[in-house]
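Below is one structure, written out as structure tokens; comments come after it.
The values are calculated or read from the model by the stated rules, or taken from the named source; none is laboratory data. These figures come from a predicted structure and were not determined experimentally. Here Cβ is always computed from backbone atoms with ideal geometry, including for glycine, and neighbour counts include all displayed protein chains.
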Amino acid sequence: MKLNKIIGILFFTAFFLTSCSSEKKKNNTQKTQLAVTENKIAEDSVTASCSPRILKRNKKNGLIPLTKNQLEKVADNAKKLDANLPVIGLLMYDDVLITELTAPMDVFTKHSEKGEKLFNVITIAETYDFIVGEEGLKMFPDYTIKNSPKLDVLIVPSAYDMSRQVKNKNLVDFIKAQNNNTEYTVSNCAGAHLIGESGIADGRKIVTWIGGGEDLQKNYPNLKVQDDAVIGYVEDGKFLSSNGNLVSYISSLELLEKMTSAKHREHVESYLFLDRLKNWKK
């Protein structure tokens, strides 16, 4: 009996030790797999920008950075264009004034009276990353300055503080490069500072936000800055500019008429109920 007991205890001990060893190996395998997974995630989480400003902005607005794989997929599936239609490119960046994006988008995306699409309208940013406008609207660009198509029209909006934009060589170089392609270049409000920084409109008339002309002229003496106290919209050759904000509708509608007809402009204005605004009384 004692011998049988001893054999039973030894068998149980051997079984227990074997089980523990198997469990330990299993745990080690899981840990290894987890480490590999975490490393893979770390490798994939290469975002368009990891600057402290972007990270702070993302945290404030609840934005999650895209992984490297996601960014590649976005680039591969960029907005499709109709090769037979002009391309209107809207440049955008953080703190952009939303109206200066939505006004041209509102105007140029309207179809003809026959229901025909007349323009490709796209948004362009420095990288594939979320853009947070001044008013808090979160947006994502169709293209970046690296994969943007050649533009027929470039529209440059503003931010209340343009210091970061005018120091951004990538944005400035993009504006210079597209100037070789564009039929028209439009600036609204302080977007004129980017035009000034690029040098593409030196010697041309331009207007900026109401009260900003003196500063613009001081920073870019080669521009012919107009009196923004009395002038809301200016055109000089291929360069169009406005005070911005809702006046961005004027620059957009003026350009629309140039590229289509007075009749189509009237159609778009009626579509937007602009007559109601013109005749509005409290």
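Does LYS278 count as farther than 16 Å from ALA103 by Cα and at pLDDT 95 or above?
For LYS278, the condition - farther than 16 Å from ALA103 by Cα and at pLDDT 95 or above - is not met.
Every residue in segment 228-248 that is closer than 12 Å to CYS189 by Cα and either part of a helix (DSSP H, G or I) or of a type in the set (Lys, Arg) (or both), please.
Across segment 228-248, the qualifying residues are ASN245, LEU246, VAL247, SER248.
Would you be able to say whether some residue in segment 180-198 is surrounded by fewer than 17 Cβ atoms within 10 Å (Cβ to Cβ), touching a residue at least 24 places away in the same chain (Cβ under 8 Å) and in contact with an Asp or Glu (Cβ under 9 Å, 6 or more places away or on another chain)?
Yes - at least one qualifying residue is present in segment 180-198.
Could you tell me whether segment 224-241 includes any residue that is surrounded by 22 or more Cβ atoms within 10 Å (Cβ to Cβ) and under 25 Å from the mean Cα position of the chain (by Cα)?
Yes, segment 224-241 has at least one match.
Return the pairs, sorted by first residue and then second, in which the second residue is at pLDDT 70 or above and surrounded by 10 or more Cβ atoms within 10 Å (Cβ to Cβ), the first residue lies in segment 44-72 and is of a type in the set (D, E, K, R), the beta carbons are less than 7 Å apart, and the residues are 6+ apart or on different chains.
ASP44/THR67; ASP44/LYS68; ASP44/ASN69; ARG57/ASP94; ARG57/VAL132
Going by the conditions given, is GLY203 closer than 19 Å to ASP95 by Cα and out of contact with any Leu (no Cβ under 7 Å at 6 or more places or on another chain)?
Judged against the criteria, GLY203 is not a match.
Could you please find all residues in segment 133-144 being surrounded by fewer than 20 Cβ atoms within 10 Å (Cβ to Cβ) and either closer than 16 Å to LYS73 by Cβ or not charged (D, E, K, R) (or both)?
Once the filter is applied, which keeps residues that are surrounded by fewer than 20 Cβ atoms within 10 Å (Cβ to Cβ) and either closer than 16 Å to LYS73 by Cβ or not charged (D, E, K, R) (or both), segment 133-144 yields GLY136, LEU137, MET139, PHE140.
When you go through ALA75, ALA125 one by one, which is the residue that is surrounded by fewer than 21 Cβ atoms within 10 Å (Cβ to Cβ), over 18 Å from GLY244 (Cα atoms) and either without any contact (Cβ under 8 Å) to a residue 60 or more places away in the chain or within 14 Å of the chain's Cα centre (by Cα) (or both)?
Sole residue among the options that is surrounded by fewer than 21 Cβ atoms within 10 Å (Cβ to Cβ), over 18 Å from GLY244 (Cα atoms) and either without any contact (Cβ under 8 Å) to a residue 60 or more places away in the chain or within 14 Å of the chain's Cα centre (by Cα) (or both): ALA75.
Taking the stated definitions as given, is VAL172 modelled with pLDDT of 95 or more, in contact with a Gly (Cβ under 8 Å, 6 or more places away or on another chain) and of a type in the set (Val, Ile, Thr)?
Here the answer is no, as VAL172 does not meet what is asked.
List the helices (runs of 4 or more DSSP H) that sit entirely inside segment 127-227 and contain at least 1 residues that are among the aromatic types (Phe, Trp, Tyr).
The qualifying helices (runs of 4 or more DSSP H) are 169-178.
Looking at (1) aliphatic (A, V, I, L, M); (2) farther than 21 Å from ASN77 by Cα; (3) touching a Lys or Arg at 6+ places or on another chain (Cβ under 9 Å), find the lone condition where ILE122 falls short.
Every condition holds for ILE122 apart from (2).
In segment 104-118, how many residues are touching a residue at least 60 places away in the same chain (Cβ under 8 Å) and either in contact with a strand residue (DSSP E or B) (Cβ under 6 Å, 6 or more places away or on another chain) or surrounded by fewer than 23 Cβ atoms within 10 Å (Cβ to Cβ) (or both)?
7
Just the residues that are touching a residue at least 24 places away in the same chain (Cβ under 8 Å) and closer than 17 Å to LYS146 by Cα, please, taken from segment 78-87.
ALA78, LYS79, LEU81, VAL87
Every residue in segment 236-268 that is among the acidic types (Asp, Glu) and in contact with a helix residue (DSSP H, G or I) (Cβ under 7 Å, 6 or more places away or on another chain), please.
Residue satisfying the conditions is GLU257 alone.
Determine if segment 193-201 includes at least one residue that is closer than 14 Å to ALA103 by Cβ, at pLDDT 95 or above and not acidic (Asp, Glu).
No, the conditions are met nowhere in segment 193-201.
State whether the residues of segment 88-103 include one that is among the aromatic types (Phe, Trp, Tyr), under 30 Å from ASP161 (Cα atoms), assigned to a helix (DSSP H, G or I) and in contact (Cβ under 8 Å) with a residue 60 or more places away in the chain.
The answer is no; no qualifying residue exists.
Checking the condition under 17 Å from ILE88 (Cβ atoms) and among the β-branched types (Val, Ile, Thr), which residue from ILE231, ILE250 passes?
ILE250
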